[in-house]
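The values are calculated or read from the model by the stated rules, or taken from the named source; none is laboratory data. Everything numeric in this text was worked out from a predicted model, so none of it was measured. We place every Cβ from the backbone using ideal geometry, glycine too, and count neighbours over all the protein chains shown. Only protein heavy atoms, including side chains, enter the accessible area calculation; ligands, DNA and RNA are left aside. Shrake-Rupley method; radii C 1.70, N 1.55, O 1.52, S 1.80 Å.
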Amino acid sequence: MDNTVKGFCNRWVSATSFGLIPLFSIPVMTGAVSMQTPSILFYRFTFGCLGILAVLLWKRTDLRLDRTEMMEIAVLALFYDVEALLMILGYQYMPSGPATTLVFSYPIWTEILMLVFFHERFSWATILAMSLAFAGVACMSGLGSEGHTHLTGVVIELMAGLCYSFYMVAMSHMRVRRMGSLKLTFYVFLFGLIMFAAFATLFTGGIEPISNGSMLFNLMMLGLVCTALSNVMLIPAVEQIGATLTAILGAFEPLTAMVVSLLVFGDHLTPPIILGFLFIIVAVMVLIITKMHLRRPNHALFRRSH
C-alpha cells in the first residue's frame, strides 16, 4: 500500500475513533445505572494508559522522567483534564455533534493566545478565521429553541477548547515538547487518572464501581479506542502525510461526532447546526493551511493529542 494512502487511513482511524467519544460516554452518563463524570474520566484514562503502555513496552521505550519533566507534565495534565471534563459535561446541555465541533475550535483559541501573550501580528487569514468561527458559534448558540441545547453548553464547550489551547501553547514552550509524543501522552493520561481519582475521592464520594457488562464495555472502548487507538494511529499519520494534512483531516473528529449525534442519539440536523458546523470547520482549515504554509516554528500547536 502506498505510504500516502497508509497515512490517510491512519489519520482517518485516529480522528474517527476520537469522534466516537459521545457514543461510549453518553450511555454511561445517562443509563439506568449511571456514573458521574470524574469516575468516567478516571476509567477512560486508566484503560487509555494501559493501551498506550503496551505499545511503549513493545517499542522498548525508556519511560524514565526527571523532576522538571514531571512538573511540566503535571501542568499539562491539569489543562488537559479540565478540557476532558468540560467536553463531557457539555454533552448534558447540547447535542454531542455540535458540542464536539465547538471543542474543535481550539486552533482559533490557540491563535488568540499567541496574539495576546506572544504579540503575533494579525493577518487576513487570522481575521477571516476568527470571523467565521464567531459566526459559527453564533449559529450554535441559537439552537436553544430547537431542542435540549442550552447556551450553557455552548459556553462549556468553548471553555473546553480554550483549555486545550492552553495545553498546546504551554507544551510548545516546555522541554517535554521534545519527548516522544506517545510517551508524553501516556504520562499526561497517567497524571490525569491520578487527578480524577483524587477529585472523585474529595467531591463525589470516591471512584464509582463498574456495575455491569455494558458499562464495562463502554468504558473500555472509551479508553482503548477513543483514547489509546486515536493517539497510536496519529503518530504514523504525521510521519506519512505531514502535519498539514494530518491537522486538516482532524475535521473527521467533529464530523464523526455529528453522525453519532444524529444516527444514534436522534438529535435533529437543523440549518443552524449545519451552518455553524461549516463555519467552524472552514475557519479552522483556513488557519491551519495558512500557518502550515508559513511554516512557523510553533506549527506543531495544531496537531491534536487526544
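Quick notes on this structure:
- Farthest towards the positive end of the charge dipole of the chain, among the residues G223, L65, A77, is the Cα of L65, using unit charges on the Cβ of Lys, Arg, Asp and Glu.
- Taking θ as phi - 60° and the Karplus parameters 6.51, -1.76 and 1.60, the scalar couplings of region 248-265 work out to 5, 5, x, 4, 5, 4, x, 5, 4, 4, 5, 4, 4, 4, 7, 7, 8, 9 Hz in sequence order, x denoting glycine and proline.
- Surface share of carbon and sulfur [accessible, 1.4 angstrom probe, percent] for region 29-115: 65 percent
- Mean Cα-pair separation over length for the chain, i.e. relative contact order, pairs under 8 Å, 6 or more apart, %: 41 percent
- Comparing mean-square fluctuations of A198, A77, A133 from a GNM of the chain with C-alpha springs under 10 Å, the top value falls on A198.
- Vicinal HN-Hα couplings computed from phi for region 211-228 (Karplus, 6.51 cos²θ - 1.76 cosθ + 1.60; Hz; Gly/Pro x): 8, 7, x, 5, 5, 4, 4, 4, 5, 5, 5, 4, x, 7, 8, 6, 10, 6
- Most to least packed among 18-27, 102-111, 59-68 [average Cβ atoms within 10 Å]: 102-111, 18-27, 59-68
- For F265, distant residues with modelled amide H under 5 Å away: none
- Reachable lysines from K291, criterion Cα separation under 30 angstrom, eight or more residues apart if same chain: K6, K183
- For a straight C-alpha distance cut-off of 18 angstrom, the aspartates and glutamates reachable from K59 (same-chain residues fewer than eight places away being disregarded) are E239.
- The dipole here belongs to region 1-159: it is taken about the Cα centre, uses +1 on the Cβ of Lys and Arg and -1 on the Cβ of Asp and Glu, and is about 380 debye.
- Here the sum of -39500 (n - 2.57) over DSSP H runs of 4 or more residues, divided by the residues of the chain, equals -24500 deg cm²/dmol at 222 nm, to the nearest 500.
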